[in-house]
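Undergrad: Sharing a structure below in structure tokens format, with a few things to ask.
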Amino acid sequence: MKKRILFFEDLGYKKYKETWIYQKILFNKLIHQKKICDKKIHGYLLFVEHPHVYTIGKNGKEQNLLVTSNFLKKINAEFYQIDRGGDITYHGPGQLVVYPILNMDYFFTDIHKYLRFLEEVVIHFLLKNYGIKGERINKNTGVWLIKNGTYRKICSIGIRISRWITMHGFSLNINTDLRYFDHIIPCGLFNKGVTSLKEEKISFYDAKNLVKKSFQKIFHIEFI
């Protein structure tokens, strides 16, 4: 199978709104390339770490944000209603956020399969590098770890697809301060906790490189 070509960019530490705008620029660029049948590049992969921010998808419920706007200011956190699927989630320091902006015509035009592939990137990363078994839960998109019989989410996923171009993506808790999740009902799911890889003492730099390799393997791509 011929490998797809993606442009990779590590944005470092960047505010959410600036990154969202940049995603839209690349998204619209791919739509334009699709119209003129430009096949040189099949998409983009962005890595980023955000300052404290809460985002909620277009079908999310605002009551899943458990604090006031004044409280958000006190903890230096922003809040945005955005154009992805899913409910509310948190992004912040120590969390790797991955935004694949892909022309799915070069992969497969199946939303559910795409979500499973994103999950598989994280599952592969965890098992291959750290011997940690990531799990799926039926009807609850994301990747979970089981500890003492309890499911805790380590990776949240929320996407947008239009004209088979994707944007948004997934977040993976590496050394995340999980206390910030106390201010929301993550993904609108009651009685489900969150977790991170903090106990594994993984460096953020190493995690980025290894997630990149897992993405490359699962999606069968080359980076430029």
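Undergrad: Testing ILE146 on (1) under 20 Å from THR176 (Cα atoms); (2) touching a residue at least 60 places away in the same chain (Cβ under 8 Å), one condition comes back false. Which one is that?
TA: Status for ILE146: all satisfied but (2).
Undergrad: Quick one: count up the residues across region 1-24 that are aliphatic (A, V, I, L, M) and touching a residue at least 60 places away in the same chain (Cβ under 8 Å).
TA: Our first condition is that a residue be aliphatic (A, V, I, L, M); within region 1-24, this holds for 1, 5-6, 11, 21.
Right, trim to touching a residue at least 60 places away in the same chain (Cβ under 8 Å) and you get 1, 5-6.
Final tally of qualifying residues: 3.
Undergrad: Considering only region 168-191, how many residues are more than 15 Å from the chain's Cα centre (by Cα) and surrounded by 15 or more Cβ atoms within 10 Å (Cβ to Cβ)?
TA: Just the residues of region 168-191 that are more than 15 Å from the chain's Cα centre (by Cα), to begin with: 175, 177-185, 188-191.
Imposing the further condition that a residue be surrounded by 15 or more Cβ atoms within 10 Å (Cβ to Cβ) reduces the set to 175, 177-178, 180-181, 183-185, 188-189.
Here the count works out to 10.
Undergrad: Cβ-Cβ distance below 8 Å, separation of 6 or more or different chains: which pairs start in region 25-39 with a residue that is surrounded by 15 or more Cβ atoms within 10 Å (Cβ to Cβ) and end on one that is part of a helix (DSSP H, G or I) and at pLDDT 90 or above?
TA: Listed pairs, sorted by first residue: LYS34/ASP105.
Undergrad: Of these, ASN173, ASN129, which one is in contact with a Cys (Cβ under 8 Å, 6 or more places away or on another chain) and closer than 21 Å to GLN216 by Cα?
TA: Values: ASN129 fails: in contact with a Cys (Cβ under 8 Å, 6 or more places away or on another chain).
Just a single option satisfies the conditions, and that option is ASN173.
Undergrad: So which residues in region 192-205 are farther than 11 Å from LEU96 by Cβ and either crowded, with 18+ Cβ neighbours inside 10 Å or touching a helix residue (DSSP H, G or I) at 6+ places or on another chain (Cβ under 9 Å) (or both)? Steps first, answer last, please.
TA: First, pick out the residues of region 192-205 that are farther than 11 Å from LEU96 by Cβ: 192-195, 198-201, 203.
Answer for region 192-205, where residues must be farther than 11 Å from LEU96 by Cβ and either crowded, with 18+ Cβ neighbours inside 10 Å or touching a helix residue (DSSP H, G or I) at 6+ places or on another chain (Cβ under 9 Å) (or both): LYS192, GLY193, VAL194, THR195, LYS198, GLU200.
The values are calculated or read from the model by the stated rules, or taken from the named source; none is laboratory data. Note that the coordinates shown come from a computational prediction; the quantities given were computed from them, not determined experimentally. Quick reminder, even Gly has a Cβ in these numbers, built from the backbone with ideal geometry, and neighbours come from all protein chains shown.
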